[in-house]
Every structure is written in C-alpha cells, then in structure tokens.
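Q: Here it is, the structure in full.
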Amino acid sequence: MAKLFFRYGSMGSSKTANALMVAYNYLEKGQRALLAKPALDNRDGEGLIVSRIGLTRPCISVERLMGMTQEEICSYDCVIVDEAQFCTKEQVAFLSDIVDVYDVPVICYGLRTDFQRNLFEGSLWLLAWADRIEEVKTVCWCGRAATCVARIDENGEMVTEGSQVQLGGNDSYTSVCRRHHKLGLLHAPEA
C-alpha cells in the first residue's frame with residue numbers, strides 16, 4: 001500500500017542529497033523513480049535537482065507532473081518531490097491522489113517553516129495529509145537541534161522581515177536552534 005511521506009528539515013540537513021540517494025536506491029534495484037520539484041525553484045536551473053554536496057539529477061516540474069496521465073505516472077515505482085514547501089494546496093492534493101488513486105508512493109522533501117518560523121503552504125498541507133512525517137536533522141552552531149531557518153543579509157546579519165520566498169543557498173540562509181533564532185544569534189558571541 002503506497003504512502004505519502006513528508007521528510008522535512010532545516011537548511012543544510014541534506015534533504016536534497018537524501019532525495020537523490022533514495023532515487024538512486026530505486027534505480028539500483030531496477031525500479032523507476034520520477035524526480036520532480038515546483039517550477040518556482042529555479043535557482044539551479046529548470047529541470048535539475050542539485051544538492052549542496054554536488055549530486056545532480058534531472059527532474060520535471062510538479063506542474064508538468066500534474067499534466068501526466070495515470071498510465072504515465074503508474075509507469076514509475078515512486079515519485080520523489082524536492083522543495084515541496086513551494087507546492088500549493090492543489091498540488092499536495094494531487095500528490096495525495098497519486099498515492100490513493102494510483103497506488104504509487106510519493107516522498108516529499110522540504111522545509112517546514114520559513115525564516116520567520118511560519119509554515120509554507122506546501123508544508124502545511126503535507127503536515128496535514130501525509131501518512132508519514134519524518135524530520136531530517138541538522139545542528140545549530142551550539143550543538144542543539146537546528147529547527148529554524150535564518151535568512152542572512154549581505155553583512156551576515158539575520159533578516160526578520162521580507163517576502164516568504166527568496167531563493168538562495170548558504171549565502172542567504174543558515175540553520176539555528178529555536179533559542180538562537182529568537183535571539184538572532186547566528187554564531188557564538190565573540191569573547
């Protein structure tokens with residue numbers, strides 16, 4: 001019986017690398033995994049999923065996935081969605097239909113919350129509808145669990161206002177524990 005998975009984690013928790021490794025595991029077993037991401041995430045180019053450690057695989061957009069026929073989707077053994085926080089409610093509903101109607105497992109990876117600790121639309125509905133919710137963990141500079149994303153400006157200071165979506169990587173974001181997010185501490189204070 002297929003399931004809808006939501007594997008969430010903060011920035012730098014290896015979500016994308018994990019997604020690509022899962023896709024490779026399917027391939028290694030002679031099975032087909034379809035990789036997808038929302039079209040909004042174009043920072044690494046259209047049609048590519050790229051991890052920070054250099055792993056890269058081609059993908060389609062979630063929007064294109066929604067236009068595929070049941071026969072096309074069912075030709076895959078699994079659908080893996082990266083950057084799922086950028087999905088809309090309608091897209092998450094479609095992903096759940098892939099599981100419930102087509103009996104194809106869907107594994108979604110993404111952030112749970114933004115830099116202001118607010119849920120993304122896709123994350124909200126994945127948390128509501130996923131059969132399995134799993135955290136992909138990383139740590140704060142202090143050693144605690146890093147559960148918050150901090151947006152950084154060009155001076156290395158924490159940003160607390162702005163639009164929810166601003167594409168970026170290590171130059172724009174870091175992960176910290178909730179305590180240090182509240183305090184705005186991105187690194188240990190200088191002695």
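The values are calculated or read from the model by the stated rules, or taken from the named source; none is laboratory data. Please read these numbers as outputs of a predicted model, since none were measured by experiment. Note that we place each Cβ from the backbone using ideal geometry, even for glycine, and neighbour counts take in every protein chain shown. The protein model used for the area step is the full one, side chains on, heavy atoms only, and it has no ligands, DNA or RNA in it. Shrake-Rupley method; radii C 1.70, N 1.55, O 1.52, S 1.80 Å.
Q: Would you check the chain for Lys pairs whose C-alpha atoms are within less than 25 Å, ignoring same-chain pairs closer than 8 in sequence, and give me the count?
A: Taking the Cα cut-off of 25 Å, the pair count is 14.
Q: Of 127, 65, 104, which is farthest on the positive side of the dipole of the range 54-191, counting Cα position, with +1 on Lys and Arg Cβ, -1 on Asp and Glu Cβ, and the Cα centre as origin?
A: About the Cα centre, the residue reaching furthest to the positive side is 127.
Q: Shifting gears a bit: Quote the charge dipole size of the chain about the Cα centre in Debye, to the nearest 20; the model charges only the Cβ of Lys and Arg (+1) and of Asp and Glu (-1).
A: Computed about the Cα centre, the dipole is about 700 debye.
Q: Using a 1.4 angstrom probe, figure out how much accessible area the range 61-168 has per residue, in square angstrom, rounded to the nearest whole. If you can, show how the numbers build up before the last one.
A: Details: 5270 Å² over 108 residues.
Heavy-atom SASA per residue in the range 61-168 reads 49 Å².
Q: Percent antiparallel among DSSP beta bridges with both residues in the range 1-96, to the nearest 5?
A: Working: 3 of 9 bridges.
Rounded to the nearest five, the antiparallel share is 35 percent.
Q: Sorted by mean Cβ packing within 10 Å, highest first, what order do the peptides 65-72, 114-121 take?
A: Numbers: 65-72: 12.9, 114-121: 16.9.
Going from most to least packed, we get 114-121, 65-72.
Q: Normalised by the residues of the range 94-133, what does the relative contact order come to in percent, with Cα pairs under 8 Å and at least six apart?
A: Working: 21 pairs, mean separation 10.9, N = 40.
It rounds to 27 percent for the range 94-133.
Q: Taking the Cα atoms only, what angle lies between the long axis of helix 15-28 and the longest principal axis of the chain, rounded to 10 degrees?
A: 30 degrees
Q: How far apart, in nm, are the 7 Å Cα→Cβ label points at residue 133 and residue 178?
A: So the label points at residue 133 and residue 178 sit 1.3 nm apart.
Q: To the nearest 20 debye, what charge dipole does the range 1-87 have about its Cα centre, counting +1 at the Cβ of each Lys and Arg and -1 at the Cβ of each Asp and Glu? Intermediate values should be presented prior to the final figure.
A: On the way: 10 positive and 10 negative charges, 63 e Å.
For this selection, approximately 300 debye.
Q: At a 1.4 Å probe, what is the % contribution of carbon and sulfur to the accessible area of the range 1-141? The partial results should precede the final answer.
A: Numbers: 3320 of 6860 Å².
Heavy-atom surface of the range 1-141 belonging to carbon and sulfur, 1.4 Å probe: 48 percent.
Q: Ok, one more. Which of rounded, prolate, oblate describes the range 25-94, given a ≥ b ≥ c as roots of the alpha-carbon gyration tensor eigenvalues and a/c under 1.5 marking rounded, otherwise prolate only if a/b is larger than b/c? Don't jump to the answer; show the numbers that get you there.
A: Values: a/c = 1.96, a/b = 1.03, b/c = 1.90.
Cα axes put the range 25-94 in the oblate bin.
Q: Something else: Checking the a/c ratio against 1.5 first, then a/b against b/c, what shape does the Cα gyration tensor give for the range 33-191? Don't skip to the answer; put the middle values down first.
A: On the way: a/c = 2.34, a/b = 1.99, b/c = 1.18.
In terms of gyration-tensor shape, prolate.
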